[in-house]
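A.B. asks: The following block contains the structure, expressed as structure tokens.
The values are calculated or read from the model by the stated rules, or taken from the named source; none is laboratory data. The shown structure was predicted, so the numbers you read here are calculated from the model rather than taken from an experiment. Cβ placement follows ideal geometry from the backbone for every residue including glycine, while neighbour counts extend to all protein chains displayed. Each accessible area value is taken on the protein alone, full model and side chains, heavy atoms only, with ligands, DNA and RNA left out. Shrake-Rupley method; radii C 1.70, N 1.55, O 1.52, S 1.80 Å.
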Amino acid sequence: MEPDTPMNASWLMKLSIDNQDSSAFQSLFYEGAEENVSKSTFQKFGEITTAGTGYRNFELLTFENGEMLLVEFAPKTEAEDWYKIVNVIEVPDNMKTLFEE
């Protein structure tokens, strides 16, 4: 499996956490962002993950006026040619800092 979709990259990330393979974990990060998660945080992730894992796909729309919409998509299947929206929410002001660069 390759990290060629967000779902695959997330699955590979979880696998690296489950296997306590920090090198594989770091290899999934964008160049220059490898140190965004410390070794201690990586180890903590191993304590909170479980075998049962749900995956959800989101896109964040950020507008020039500072407003944000979070769009949730249904998983794409072989039967569907297009991604389908499940939900859209306006990001509250107190949550925007989670998404800002």
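A.B. asks: Roughly how many Å² is the accessible area per residue of the chain, as a whole number, for a 1.4 Å probe?
C.D. replies: Values: 8060 Å² over 101 residues.
On a per-residue basis, 80 Å².
A.B. asks: Oh, and also: Say a site is exposed when it is one of the chymotrypsin sites (Phe, Trp or Tyr not before Pro), sits in a DSSP loop, and has at most 11 other Cβ atoms within 10 Å; what is then the longest site-free stretch of the chain?
C.D. replies: 1-29
A.B. asks: Based on DSSP H runs of at least 4 residues, each adding -39500 (n - 2.57), what is the mean residue ellipticity at 222 nm of the chain after dividing by all its residues, to the nearest 500 deg cm²/dmol?
C.D. replies: One gets -8500 deg cm²/dmol as the mean residue ellipticity at 222 nm.
A.B. asks: Additional query: Give, as a single signed number, the net charge of other residues whose beta carbon lies under 13 Å from the beta carbon of Met7, with Lys and Arg counted +1 and Asp and Glu -1.
C.D. replies: Result for the neighbourhood of Met7: +1.
A.B. asks: Hey, what angle do you get for helix 6-18 against the long axis of the chain, alpha-carbon based, 0 to 90 degrees rounded to 10?
C.D. replies: The angle comes out near 30 degrees.
A.B. asks: List every residue whose amide H lies under 5 Å from the amide H of Val86, counting only residues 5 or more places away in sequence or on a different chain, with H placed 1.01 Å from N in the peptide plane.
C.D. replies: Glu72, Phe73, Ala74
A.B. asks: For the chain, state the semi-axes of the equivalent ellipsoid (square roots of 5 times the eigenvalues of the alpha-carbon gyration tensor), sorted largest first and rounded to whole angstrom.
C.D. replies: Square roots of five times the eigenvalues give 26, 20, 13 Å.
A.B. asks: Could you work out the relative contact order of the stretch 41-101, using alpha carbon pairs under 8 angstrom and six or more residues apart, expressed as a whole percent?
C.D. replies: Answer for the stretch 41-101 is 23 percent.
A.B. asks: Once the whole set of protein chains is in place, how much accessible area is left on Thr50, using a 1.4 Å probe, in Å² to the nearest 10?
C.D. replies: 80
A.B. asks: Also, quick follow-up: Over the chain, what percent of the accessible surface lies on carbon and sulfur atoms, probe 1.4 Å?
C.D. replies: 53
A.B. asks: Roughly what angle does helix 39-48 make with the longest principal axis of the chain, taking Cα atoms, 0 to 90 degrees, to the nearest 10?
C.D. replies: 80
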